[in-house]
1. Which shape class applies to the stretch B:244-378: rounded if a/c is under 1.5, otherwise prolate when a/b exceeds b/c and oblate if not, where a ≥ b ≥ c are the square roots of the Cα gyration tensor eigenvalues?
2. Nearest 5 percent is fine: what portion of the DSSP beta bridges confined to the stretch B:288-518 is antiparallel?
3. What FRET efficiency, computed as 1/(1 + (r/R0)^6) with R0 = 45 Å and r the Cβ-Cβ distance, is obtained for B:LEU309 and A:PHE119, rounded to the nearest 0.05?
4. Is chain B best put as rounded, prolate or oblate by its Cα gyration tensor, with a ≥ b ≥ c the root eigenvalues, rounded for a/c under 1.5, and otherwise prolate when a/b is larger than b/c, oblate when not?
5. Normalise the Debye intensity by I(0) for the protein assembly as shown, one equal point scatterer per Cα, no solvent, then take log10 at q = 0.07, 0.11 Å⁻¹ and round to two decimals.
6. Under 17 Å from a point 7 Å along the Cα-to-Cβ line of B:ALA426: which residues of the stretch B:343-369 have their amide N that close?
7. Below 20 Å Cα-Cα, how many Lys pairs turn up in the stretch B:3-93? Only count pairs eight or more apart in sequence, or on different chains, if you could.
8. State, as an integer percentage, the relative contact order of chain B based on alpha-carbon contacts under 8 Å between residues 6 or more apart.
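Just so you know, all these numbers are worked out from the coordinates, no wet-lab data involved. Remember, it's a predicted structure, so these values are computed and weren't measured experimentally. Backbone-built Cβ (ideal geometry, glycine too); neighbour counts: all protein chains shown.
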Amino acid sequence: MRRNHQIPLGAIVKGLALTAGHFFRNMRIHVAHLFGRRLQEKGMVTFQYPEERRPFSPRLRTRHRLTMRADGSPRCVACMMCETICPANCIYITAGEHPDPHIEKQPLKFDIDLGVCVFCGFCVEVCPEDAIRMDTGILEFAAYSRQEMILTMDKLLMKEGAQEPDRALMKENA
Amino acid sequence: MPKITIDDKEISVEGGTNIIAAAQRLGIEVPHYCYHPGLSVAGACRMCLVEIEKMPKLQTGCSTLATEGMVIKTIAHSAKAKAAVQGVLELTLINHPLDCPVCDQAGECGLQDYYMKYGLYNSRMRDAKVKKEKKASALGPHVMLDQERCILCSRCVRFTHEITKTNEIGIFNRGDHSYIDVVNGRSLENNYSGNVVDICPVGALTDRDFRFQCRVWYLQESDSICPGCSTGCNIKIHFNVRRRHIAGGRRVQRLKPRFNEAVNQWWMCDEGRYAYPSIDENRITTPSARLAAAHQRMDWRDAIDQMALALREALAAYGPESVGVIASPQLTNEDLYLIKKLFVDVLGIAAVDYRMPPNRSAKNDDFLLRADRNPNTLGAHLIGLSPFGKEISTPRILEAAAGGRLQVLYVFSTDLVAVYGEAPIANMAAHVPLMIYQGTNHNRTSTLAHLVLPAAIYAEKNGTFTNYAGRVQHLKPAFAPLAEAMPDWKILCKLAQALGHDFRYADEEAIFEELANSQPAFAGITYAGIGSHGWPIEKERVLSFVTA
């Protein structure tokens, strides 16, 4: 039987050399760092999370928030575009009458189940009122129960001293 | 029969047919807002412009009648008509607010639909939109008005003028100052006010009851028959079972009339339209037995066994005179047929009736609503559940029960307390060893019953009603019965089987087949024949049975 391919010996050697090169270079730099030397040289990137955080891209989709009118009420008019477009069906809105007839409609309840959300960002794209955004920079919302994964309107309006997005960090990275 | 050509297709129509209706028969759409087949022609919206050969100007399809040899080009074939219609639409939308996100009409709006189909232009309007005075104000108990969204098609004005003849709505002022409102501060209060919401092509008139409850694109629909009176208006049930967080989990969101030339045309009354909450509220969800004062939930199997045992003992020890059955004209023909088959034909019980003394407060109105608020009185009669002809035997059955002469009283979907008062029925219940209530909703009669069985309500049922004129109409189930409820015919089959009788039917259609074969009034009728518009039993037959 004829062998129809050969062992790519050259490429293997080349690859091993590259890996070994990085390995020894980084070992040398990190060992030097241990002794306080060569601090201007950067070694392979390892973020010491959570003390050290990786900068986000400004277009990264993070936890949702609802934007507010000047009086602190939600801009949302409960048109349910986001609920309709949501491919994960994780948005649950209940609509009600707004006291101002020129606004007419407002959400009485606006829940997002983060345990189900796929972070596609369609809700932001489809919103006709710029009422929902995914720019909070919050990625840590793990919880101990499914119920706690559901964000209510208060949390979405960031009224509870939620973490503000680190705009400076986002800009620096842009 | 003038022969006309529309978009190169020929058709012969009756004299007096307008171009919109003729085109519709060919499957060609002529866009329109103000024209409605049930109302007079206004020619107000100018959306139905078509090009007609040998006529110098474009003509409106609503007010131009087909005449021999007419050659018509609609906007699909005529660039001239298309440009004109696009211009009309642009003008119509000049002052229309961008309310779609908060507007309940969004998704079924004439403006949205035609803009996407025939518009798709960029706005050239530089000036500020003219704002009208009334935004979101109530026009009456059922209808909400938004003057800004109105395109002044005048359908609602013509409806209150021509159909209800109550004349509540009018158009005031001229030019772009025009607006619709109620006349002299009146309120839009008549039993047909909900129809103006259906005919409004935009979001100017919306339903207060449906307001902000559910976006229309979440709704599913199913054909049914209104059970509110013996007219049996054809309806569509609009329901939402996929998004249970909406409207508190209520399944039915609204009812809409369904066109049937022979019954309700395009309309339905408010009494029927807004009666839907009973489908989801206050329902009997599980079988239960009354122990002392409280009802204790029980298994279906136990409930059926208990009934079968009681019936068996009563029949063996006291004979068929010891059982009374009060059926209900709220039930379908299929249910009533099985009641007759089981209790009258098989068990030989004579005390079976469905009639209550007439309710004097309920009256016919001059349009759709009839004094008999039951959908299937004639059906019950034609099936043969009026054993003593014109004499109503219900009071005699109840008398026998109160006198201790009954062992079992089986009541179907009839609130006896509402008719006879609390005390007599409570007294009667105390004198019958077993009073069974099989129905859809809790009421004071079900509270007094010893055994309560949950039955499916009309929206959950497959079956037929026979309206006052003898039209057999088919209602289809919109969704499955709530909780443990079952259609009446299934409960009856289970009971019959527990009594040792072989009642087996694949579905409602099989029961109806048997009914059609055994009852001459229903001879020859099939579900397929009934279709979506009903099957009229010949008048002679209906009359001969009514007088018999």
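1. Numbers: a/c = 2.53, a/b = 1.47, b/c = 1.72.
Judged from the Cα gyration tensor, the stretch B:244-378 comes out oblate (a/c at least 1.5, b/c at or above a/b).
2. Percentage antiparallel, nearest 5: 40.
3. Numbers: r = 61 Å, r/R0 = 1.35.
FRET efficiency, B:LEU309 to A:PHE119: 0.15.
4. prolate
5. -0.69, -1.21
6. Residues passing the 17 Å test: none.
7. 13
8. 10 percent
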